[in-house]
Amino acid sequence: MIYFDNVTKIYSKNCIALSDISLGISSGEFVSILGRSGAGKSTLLRLLLGYEKPTKGNIFFENLNVAKMSSKYLPYHRRKIGMVYQDYKLLSQKTVYENVAFALEVLGKSENEIRRIVPQALELVGISDKANNFPDQLSGGEQQRVALARAIVGQPKVLLADEPTGNLDIFTAKEIMRLFLKINQLGTAVILATHNRDIVNAIRKRVVVLEKGRIIRDDKQGRYYL
């Protein structure tokens, strides 16, 4: 489904974010991209979303070359991808329900569809009882659940997560990761970018290790100590 073909991203002479990356990810797969800060994890995700263009190489998503996509087509491409961030990025003036519904409004869904789909997404992530709350009335873990519901409500082909547990305690982080695994079991591919080896060890899924912009390991299942 996804293939990075000899991708290099150079920001400046002294900043080579990625160097000759070749990486394939299958439909429905769960892949952890592990590496220290500055290893190139976030750049990899931004390239897949089309927010950055590679200096060299190609990036294929469902046989379409993201690196060559026009700015006119990129919004349609991004609709196939859900994104979860470390800092949640919720709309503070909207309730939990409205935050999730907004993602469907952008997709042009009808009010009837929104009323049907949003409760299902909130139930899936275990936050139905907070539908009328505002983000500042929620804990960090609850806010991340809302962000996750918003990311999956449009039924994306792949879910990207950039350090999604970075602001959470260990117990809450494990709960959030169980939700990612649940979503993956329902058929959505997941790409998790993290520097947290404990999270990776708990998942026991495929692990790709980045170091200074290069892939140094790619194992189906493993435990890593950076």
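The values are calculated or read from the model by the stated rules, or taken from the named source; none is laboratory data. Please read all numbers here as calculations on a predicted model, not as lab measurements. Note: ideal-geometry Cβ built from the backbone for every residue, glycine included; neighbour counts use all protein chains shown.
Within the set of pairs 6+ apart or on separate chains, which have a first residue in the range 71-96 that is closer than 13 Å to Pro135 by Cβ, a second that is loosely packed, with under 14 Cβ neighbours inside 10 Å, and C-beta atoms under 6 Å apart? Here the result reads Thr95/Asn132, each pair linking the range 71-96 to a residue that is loosely packed, with under 14 Cβ neighbours inside 10 Å. From the list Leu210, Leu179, the one residue that fits, being buried (at least 16 other Cβ atoms within 10 Å of the Cβ) and either touching a Phe, Trp or Tyr at 6+ places or on another chain (Cβ under 9 Å) or under 27 Å from Val7 (Cβ atoms) (or both), is Leu210. Look at (1) surrounded by fewer than 21 Cβ atoms within 10 Å (Cβ to Cβ); (2) over 25 Å from Val153 (Cα atoms); (3) small (Gly, Ala, Ser) and you find that Gly40 fails only one, number (1). When restricted to residues that are in contact with a strand residue (DSSP E or B) (Cβ under 7 Å, 6 or more places away or on another chain) and either buried (at least 23 other Cβ atoms within 10 Å of the Cβ) or not in a strand (DSSP E or B) (or both), the range 18-30 contains 5.
Looking only at residues in the range 167-186 that are free of Cβ contacts under 8 Å to residues at least 12 places away in the same chain and assigned to a helix (DSSP H, G or I), the one that is farthest from Phe30 (Cα to Cα) is Phe171. Every condition in (1) touching a Gly at 6+ places or on another chain (Cβ under 6 Å); (2) buried (at least 18 other Cβ atoms within 10 Å of the Cβ); (3) over 16 Å from Val158 (Cα atoms) holds for Asn6 except the one numbered (2).
The residue that is modelled with the lowest pLDDT, counting only those in the range 36-57 that are at positive phi and part of a loop (DSSP other than H, G, I, E, B), is Gly38.
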